[in-house]
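Novice: So that we are looking at the same thing, I have put the structure below in structure tokens.
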Amino acid sequence: MIEVIDFTKQYGDFMAVDGLNLSIAEGEIYGFIGPNGAGKSTTIRFLATLLRPTSGEGRIAGHSVTQDPMAVRRVIGFMPDDFGVYDGMKVWEFLDFFAVAYEIPRLERRRTIGEVLELLDLTHKRDDFVNGLSKGMKQRLCLAKTLVHNPPVLILDEPASGLDPRARLEMKSLLSELSRMGKTILVSSHILSELADFCTSIGVIERGKLLASGSIQEIQRELRAHRVLKVRLLNESPERFAHVLKEHSAVKAESVNTIDRTLSAEFEGDGSAQADLLRRLIDSGAIVEAFDEEQLSLEDVFMMITKGVVN
């Protein structure tokens, strides 16, 4: 649905984005993560047909970003990281303005605006002036504007920027709902926790280079050759069960560690090997409260991927 091919953007001697290749399948929520200045907004502005590349190409729903920008604009909904509202306009008038820009017929506009207001829970704000809305409501309104022509692809640049915790949760819920409706969503953020809960895949960009792309689980597996098991016990002196882990063929013996009542170790076996290890612990008298793989957080993934670049 979205494809970026060797996209490069250079400003004089400064390389903003360097040979970026990216592919996002239909129906995905793709989290584009990286610090400020990494190249996220440059890439997004290119895909939104607002920025010409130094070199490279992009395609959205089969349309060329460089050769057929008008066709691209018809199939995308773009929400920039910073946007203005028009003083003196009511909410419905703001949406009607953009509906006219997208050439939606007059009789259809009223129904469309009503549906978008209902979807974004803005119906009660229909006749309010846009400049009087809270930051969170303005973000909702901008997202409503993005949806008014019912595009199959959404490109959202820092959509939760400046929102309070409650509004951030509401924004994530809205994006999840839009995904269930079949939208393909590219969403950028430098706040990693915003993306971890609902993205189907992520891309990590740093200093203009895409360092990793794929599902969080795939990237985690690539970063950690050996998974880490954590076993929490209810027994006193849990370290006396450490030998059970060390003697198991799927455990890296020197990695076994005990903190409080939790044993941890690098593990390279499959599900059957895990079941065997659990059985051995129980047979040895261990009272197992929890037995699971340690998951890398999105912050861990980002730091591990970018460590070499930053250093």
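Read-outs throughout are calculated quantities, based only on the coordinates presented, and are distinct from any laboratory measurement. Predicted model, so just to flag it, every value in this text is computed and none were measured. So basically every Cβ, Gly included, is an ideal-geometry build from the backbone, and we count neighbours across all protein chains shown.
Novice: When the chain is fully extended, how far beyond the present Cα-Cα distance does Ser237 get from Glu289, taking 0.36 nm per residue of separation?
Specialist: 17.3 nm
Novice: Right, here's the next one. Average the reciprocal distances over every distinct pair of alpha-carbons in the stretch 226-295, invert the result, and give the Kirkwood radius in Å. Spell out each step's value before the answer.
Specialist: Details: mean 1/r = 0.0860 Å⁻¹.
Kirkwood hydrodynamic radius for the stretch 226-295: 11.6 Å.
Novice: Here is a further query. Which three semi-axes in whole Å describe the equivalent ellipsoid of the stretch 12-58, each the square root of 5 times a Cα gyration tensor eigenvalue, listed largest first? Write down the numbers at each step before the final one.
Specialist: Details: eigenvalues 75, 37, 19 Å².
Equivalent-ellipsoid dimensions as semi-axes: 19, 14, 10 Å.
Novice: Could you give the semi-axes, largest first, of the ellipsoid that matches the stretch 121-202, computed as the square roots of 5 times the alpha carbon gyration tensor eigenvalues and rounded to whole Å? Write down the numbers at each step before the final one.
Specialist: Numbers: eigenvalues 90, 51, 21 Å².
Each semi-axis is √(5λ); the values are 21, 16, 10 Å.
Novice: Further question on the same structure: If every alpha-carbon in the stretch 48-143 counts as one equal scatterer, what log10 I(q)/I(0) does Debye give at q = 0.12, 0.13 1/Å?
Specialist: After summing over all Cα pairs, the log10 values are -0.48, -0.55.
Novice: Say the cut-off is 31 Å between C-alpha atoms; which of Lys40/Lys172; Lys135/Lys230; Lys40/Lys135 go over it? Intermediate results must be reported in sequence, preceding the final value.
Specialist: Details: Lys40/Lys172 19 Å; Lys135/Lys230 42 Å; Lys40/Lys135 23 Å.
In this structure, Lys135/Lys230 exceed 31 Å between Cα atoms.
Novice: Here's something else I'd like to know. So which GluC sites (Glu not before Pro) in the stretch 106-202 are both in a DSSP loop and have at most 10 other Cβ atoms within 10 Å of their Cβ? Kindly include the intermediate steps, with their values, before the conclusion.
Specialist: Details: sites: Glu108, Glu115, Glu118, Glu170, Glu177, Glu194; in loops: none.
Answer in residue order: no site qualifies.
Novice: Also, quick follow-up: What does the extension gain come out to for Phe14 and Asp276, with contour length at 0.36 nm per residue minus their alpha carbon separation?
Specialist: Details: separation 262, 0.36 × 262 = 94.32 nm, distance 5.54 nm.
Taking 0.36 nm per residue and subtracting the Cα distance, the gain is 88.8 nm.
Novice: Dividing the convex hull volume of the alpha carbon atoms of the chain by its residue count, what do you get in Å³ per residue?
Specialist: On the way: hull volume 52.1 nm³, N = 311.
Taking only Cα atoms, the chain has a hull volume of 168 Å³ per residue.
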